[in-house]
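Below is one structure, written out as structure tokens, with a few remarks after it.
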Amino acid sequence: MNETKPIGQTSQLKRITLAGLLVTIGIVYGDIGTSPLYVMKAITAINPGYDQDYIIGAVSCVIWTLTLQTTLKYVILALRADNRGEGGILALFALLKNLPAKWLYTIAAIGASALIADGVITPAITVTSAVEGLRSVVADVPVVPIVIVIICLIFILQQAGTGRIGRFFGPFMLAWFLMLGILGAFRIPVAPAILNAFNPWSAIKLLIHFPEWFLILGAVFLCTTGAEALYSDLGHCGKRNIEISWIFVKAMLITNYLGQGAWLIANHSASGINPFFSIMPAWWTVPGIFFSTGAAIIASQALLSGSFTIFSEAINLGFWPRLKIKYPSKEKGQLYIPAVNWILLTGCLITVVLFQDSGKMEAAYGLAITVTMLMTTMLLCVWLRSRGVGKIACAVFLAAFATLEGLFFIANMFKFVHGGWFTLLIAGVVTAVMIVWRRSSEVRNRFIDYCDLNERTPLIKAIKADSEIPKTASNLVFFSRSDNPHLLESKVVYSIVNKQPKRADHYWFIHVETDNEPNTLEYDVEIIEPETIFAVTMRLGFRIEPRISLFLRQIVEDLVAENKLVLTSSFPSLRAHGIAGDFRFIAIRRKFSPSSLCRHGDTVLMRMHDRLRHLGITEQEAYGLDTSLVTCETVPLIINTTLSERIIRSGAKVCTEDEAEDP
């Protein structure tokens, strides 16, 4: 057994230091920090003939949404539901996956899919809103082409990693939030009455007396769309850094909203104007547009990193086919999934071309993320109950936040025909794939047969000694799904014995586990039969590239050094020159057999599974195997859950049940 090296549980970024807080500001708040670009614009678009009470009530709704939804639910409560320091809806599900409530995986899939849909539209709306600010300088600026170029650059740069430019995110976002606060504070004196927005009664009065209150809530909800991303970034920065930095971020956001509200009260004819840029002094407009564009790019980057993390977690939890994952830097959050990157780019470009204007994108924005928040609320309620919190307290939590988010959902549903359908369509497609893949994988795994490897050892030894069977390779390597080294899939034994018998000097059965720690690189090896059968378990950290060929060679070197393995080829000509035996990997693909006799629903799931697996990569690609050393075999997965009829010889008598029981 290889010795385990201790690995630190927390990174330096998770310590409460000025550097940690600065990095947190740069990583966590990109999405919620760019909301002032479009929230007040959306609110005034609902009621162009607004009055003072309307603006005060709307800003009050924003303040108390940030307080109840973002601060109370996410910063105070959700951050405590961490899975070994990781946050987000799938990390929350991982804490609950062993509970008997099997429906929880559907809730998690819906929430994660809606968050992916949000990741498609967020870059489009934030970059478009920022670039539209150029119209205050050049009226006929071509916004769409500029936005397309910027978005393409953002996605192209992903493959190089963001480790270096990420160092500038913190200082830049610090400057951005200071700018928000200063600009807002500068405008508050023009209409001090805006400070009445801190009184929640102002929000309640507006929602009671304004007939289209649901439209207001739909616009107000945009101020908290980054709250779910805040929870997802828990593992990158740590709970305490997020809690402390949120105090500063929230103060700057509210100050800016107050400043925009004060300017709107003082300028009643502001219809069609974005108050975010209007509160800027004329000499600051161009630098302000530069900062807005930079903040939009960082927000897009944060959503992309979050999307990569979601898919990585989805793969580990069995929600998605295996994808090629790259790690451009040593930080956990810095992973890159090429397939996801280009699909999201396509979605963003379609969004920009389809909607053209940020005002129209607002109709599509927010609906999907309300779904995620509702799903997170449900999972948090189950988590609280699993941690011993009383039923009454859990019921109060569920009723309060489900009601609040339910109102937001209803309000956003009025946007459905105006663009909300777009994000729900994306979320629906991703949800369908996740649920079908997980469900079909469960069915497949349920019908995988295992056998006792110790019982099959005499047969494998006999094949090794049978010189009549051509030698396939000196070392044959198979991958095993079993975490028990003494259990082996029957299909692997079938490949060795029945599917063109394979003679070798050594048989290796490798089981690969993904560890929650980033840098784990360990193995255990059990010698089932000396000089013949070896069962290896590799534990790889989530950011370790699975270079199985290299790791196996290192394990072999350890065994040779311990005199537990003779690697020299058994061919006399090669042994005379000290040539080592060759290795060949056998990759077995289980394909659903049409001859299976099972329920219609299981048949449909199996056929869909075979189609969906094309979204992912093969086993040899995932494990970085040299294709010249890999033999791919397809074996039938036959599921028999019903009795099959038996053919009989002509003229033979068929016994009835009564005759069979008659002595």
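Figures for the structure shown
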{"read-out": "Test for Gly119: is it modelled with pLDDT under 85, of a type outside the set (D, E, K, R) and either in contact with a Gly (Cβ under 6 Å, 6 or more places away or on another chain) or under 30 Å from Thr377 (Cα atoms) (or both)", "value": "yes"}
{"read-out": "Residues (more than 36 Å from the chain's Cα centre (by Cα), surrounded by 15 or more Cβ atoms within 10 Å (Cβ to Cβ) and of a type in the set (Gly, Ala, Ser)) located in the stretch 545-577", "value": "Ser569"}
{"read-out": "One residue from Ser300, Ser329, Ser278, Ser232 being small (Gly, Ala, Ser), over 13 Å from the mean Cα position of the chain (by Cα), open to solvent by 20 Å² or more (accessible area, probe 1.4 Å) and modelled with pLDDT under 85", "value": "Ser329"}
{"read-out": "Restricting the stretch 126-157 to residues that are modelled with pLDDT of 80 or more and within 22 Å of the chain's Cα centre (by Cα), the residue that is farthest from Lys360 (Cα to Cα)", "value": "Ile156"}
{"read-out": "Residue under evaluation Trp213, criteria (1) hydrophobic (A, V, I, L, M, F, W, C); (2) out of contact with any Pro (no Cβ under 7 Å at 6 or more places or on another chain); (3) open to solvent by less than 50 Å² (accessible area, probe 1.4 Å), criterion not met", "value": "(3)"}
{"read-out": "Strands (runs of 3 or more DSSP E) contained in the stretch 417-532 and holding at least 3 residues modelled with pLDDT of 90 or more and either touching a strand residue (DSSP E or B) at 6+ places or on another chain (Cβ under 8 Å) or exposed (fewer than 15 other Cβ atoms within 10 Å of the Cβ) (or both)", "value": "475-479, 506-515, 521-529"}
{"read-out": "Test: residue in the stretch 158-165 that is among the β-branched types (Val, Ile, Thr) and either modelled with pLDDT under 95 or out of contact with any Leu (no Cβ under 9 Å at 6 or more places or on another chain) (or both)", "value": "yes"}
{"read-out": "Unique residue being of a type in the set (Ser, Thr, Tyr), over 21 Å from Ala295 (Cβ atoms), out of contact with any Cys (no Cβ under 6 Å at 6 or more places or on another chain) and surrounded by fewer than 20 Cβ atoms within 10 Å (Cβ to Cβ) when the list is Thr44, Thr67", "value": "Thr67"}
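One line per residue, one yes/no per condition, for (1) out of contact with any helix residue (DSSP H, G or I) (no Cβ under 9 Å at 6 or more places or on another chain); (2) farther than 18 Å from Ile527 by Cα; (3) without any contact (Cβ under 8 Å) to a residue 60 or more places away in the chain; (4) acidic (Asp, Glu):
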{"residue": "Gly406", "(1), (2), (3), (4)": "no, yes, yes, no"}
{"residue": "Ile410", "(1), (2), (3), (4)": "no, yes, no, no"}
{"residue": "Met413", "(1), (2), (3), (4)": "no, yes, yes, no"}
{"residue": "His418", "(1), (2), (3), (4)": "no, yes, yes, no"}
{"residue": "Ala432", "(1), (2), (3), (4)": "no, yes, yes, no"}
{"residue": "Asn445", "(1), (2), (3), (4)": "yes, yes, yes, no"}
{"residue": "Lys461", "(1), (2), (3), (4)": "yes, no, no, no"}
{"residue": "Ser480", "(1), (2), (3), (4)": "no, no, yes, no"}
{"residue": "Leu487", "(1), (2), (3), (4)": "no, no, yes, no"}
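The values are calculated or read from the model by the stated rules, or taken from the named source; none is laboratory data. Here the structure is a predicted model, which means the values were calculated and not measured. Note that we place each Cβ from the backbone using ideal geometry, even for glycine, and neighbour counts take in every protein chain shown. Accessible surface is based on the protein model in full, side chains and every heavy atom, while ligands, DNA and RNA are left aside. Shrake-Rupley method; radii C 1.70, N 1.55, O 1.52, S 1.80 Å.
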